[in-house]
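Below is one structure, written out as structure tokens; the observations come after it.
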Amino acid sequence: MRRGFFSADKGQAFPIYITVVAGLLFLAFAYFAVGQAAATRNGAQTAADAAALAAAQHARDELFDGFLDAVEADEAWEDWLSGEEFSTDGGCAAADDFAARNDSTVTGCGRAEGSDDGFTVAIRTNYTVGESIVPGTESVHGKAEATAIIEPLCVVEEASGGGGDPVEVSCDGEEWVIDPEDEDALPDAADLFSVHLSE
């Protein structure tokens with residue numbers, strides 16, 4: 001009697017054990033699927049951030065070069081320094097390049113909305129979440145969007161009469177004498193314009 005009782009008890013426990021183990025395995029695979037999705041989403045956001053920053057940095061470099069050329073030619077260099085000559089030309093090509101470096105494709109690129117100069121870039125990852133316990137994830141791509149802003153940092157302290165003469169500007173608390181003929185003393189583009197992601 002006693003031996004039969006224990007045998008029956010063991011027989012009932014085994015299916016419960018199998019059910020518990022199966023449940024734990026399902027949870028493990030589910031957590032893995034969530035992790036895959038999060039990794040793909042993070043990769044997409046990283047690619048979007050890099051693409052938007054690349055576009056804005058390209059435009060910033062154009063502003064910087066245009067400013068130096070305008071000072072040398074005695075043209076309206078203040079418009080370049082203030083960012084009024086901001087152009088989207090070439091920026092989206094830079095975004096395409098950086099998206100590709102992150103195994104992604106730009107699906108939208110253009111001037112940021114609002115009063116700030118910059119770019120908004122949307123991307124889609126070339127890779128997917130991958131196969132998982134959740135049906136359909138093998139065809140799901142990561143998508144993200146980012147906006148990068150160009151912020152002029154300078155105010156005019158003193159401007160000379162023109163003809164390529166140097167000008168003095170104060171940029172984020174630092175004084176610069178801009179003389180295009182003295183390349184060794186020129187600031188970098190980042191000294192005159194800040195590029196950052198929009199919050």
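The values are calculated or read from the model by the stated rules, or taken from the named source; none is laboratory data. Quick caveat, the model's predicted, so the values are computed rather than measured. Counting neighbours? That spans all protein chains shown, and the Cβs are built from the backbone with ideal geometry, glycine included.
For beta carbons closer than 6 Å, sequence separation of 6+ or different chains, a first residue in region 108-121 that is polar (S, T, N, Q) and crowded, with 17+ Cβ neighbours inside 10 Å and a second that is at pLDDT 95 or above and assigned to a strand (DSSP E or B), the qualifying pairs are Thr120/Thr147.
Scan region 54-98 for residues that are closer than 21 Å to Asp188 by Cβ and of a type in the set (Val, Ile, Thr) and the total you get is 1. Being outside any helix (DSSP H, G or I), within 23 Å of Val140 (Cα to Cα) and either more than 14 Å from the chain's Cα centre (by Cα) or modelled with pLDDT under 95 (or both) is a condition met by at least one residue of region 81-103.
Counting only strands (runs of 3 or more DSSP E) wholly contained in region 116-199, the ones carrying 1 or more residues that are closer than 30 Å to Arg101 by Cα and at pLDDT 80 or above occupy 117-128, 141-152, 193-197. When region 104-115 is filtered for residues that are at pLDDT 95 or above and among the aliphatic types (A, V, I, L, M), only Val106 remains.
Quick one: is Glu78 modelled with pLDDT of 85 or more and part of a loop (DSSP other than H, G, I, E, B)?
No.
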